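Let me begin by presenting the structure, written as structure tokens, before commenting on it.
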Amino acid sequence: MSQPVYDLNTLLATMSPELQPGVYIYASVPFGTDLSGIEPIAIFREREGLTIIAEESEALKAGIKPMFRAAWITLTVHSDLQAVGLTAAFAAALGKANVSCNVVAAAYHDHVFVPIESADKAMAALQQLQREGLRES
């Protein structure tokens with residue numbers, strides 16, 4: 001198992017963005033909704049209900065209405081949950097490319113959800129940020 005990376009320059013130089021296959025959705029469902037027909041990527045409890053991220057085809061089969069269609073990009077570096085600056089750096093790079101992003105930080109990796117039609121532009125921006133990080137490390 002890899003050790004988490006804390007140093008920002010190292011994180012940027014080794015983030016290695018990877019586009020996951022498929023289309024994913026964000027949706028909000030009421031508490032108590034039967035989710036047995038899908039395997040959510042993530043669930044977050046908010047006052048208004050459960051926000052779920054799931055494969056689009058599974059959500060549609062379960063009758064769940066998408067709020068946002070997304071491509072899923074994983075930053076494959078094992079980022080330390082206490083590292084400072086990675087999210088700000090890639091959000092700024094995506095912002096410069098005019099790509100919105102929604103971020104999920106998990107135990108090992110950061111996951112970035114971008115509009116499905118912006119996947120290629122997002123990957124290009126993240127790869128450019130990584131190249132710049134390589135020059136600075």
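The values are calculated or read from the model by the stated rules, or taken from the named source; none is laboratory data. Predicted, not measured: the structure shown is a model, and the values here were computed from it. Because the Cβ atoms are built from the backbone with ideal geometry, glycine has one as well, and the counts that use them run over all protein chains shown.
Tell me the residue from Ser79, Ser100 that is free of Cβ contacts under 8 Å to residues at least 24 places away in the same chain and out of contact with any Gly (no Cβ under 8 Å at 6 or more places or on another chain), please.
Just a single option satisfies the conditions, and that option is Ser100.
Do we have Phe31 as modelled with pLDDT of 95 or more, more than 26 Å from Ala124 (Cα to Cα) and of a type in the set (Phe, Trp, Tyr) here? Criteria met by Phe31.
Residues in the stretch 44-103 that are closer than 23 Å to Phe31 by Cα, over 17 Å from the mean Cα position of the chain (by Cα) and not in a loop (DSSP other than H, G, I, E, B): 9 in all.
The condition (being in contact with a Pro (Cβ under 9 Å, 6 or more places away or on another chain), of a type in the set (Phe, Trp, Tyr) and farther than 27 Å from Asp7 by Cα) is satisfied by just one residue among Phe90, Phe68: Phe68. The requirement of being loosely packed, with under 15 Cβ neighbours inside 10 Å, charged (D, E, K, R) and modelled with pLDDT of 95 or more is not satisfied by Asp110.
I'd like to check something: does the stretch 18-34 contain any residue that is in contact with a Ser or Thr (Cβ under 7 Å, 6 or more places away or on another chain), part of a loop (DSSP other than H, G, I, E, B) and closer than 27 Å to Tyr108 by Cβ? First the steps, then the outcome.
Step one: filter the stretch 18-34 for residues in contact with a Ser or Thr (Cβ under 7 Å, 6 or more places away or on another chain), giving 18, 20, 26, 28.
From the residues that got through so far, the ones that are part of a loop (DSSP other than H, G, I, E, B) too are 20.
From the residues that got through so far, the ones that are closer than 27 Å to Tyr108 by Cβ too are 20.
Within the stretch 18-34, one or more residues are in contact with a Ser or Thr (Cβ under 7 Å, 6 or more places away or on another chain), part of a loop (DSSP other than H, G, I, E, B) and closer than 27 Å to Tyr108 by Cβ.
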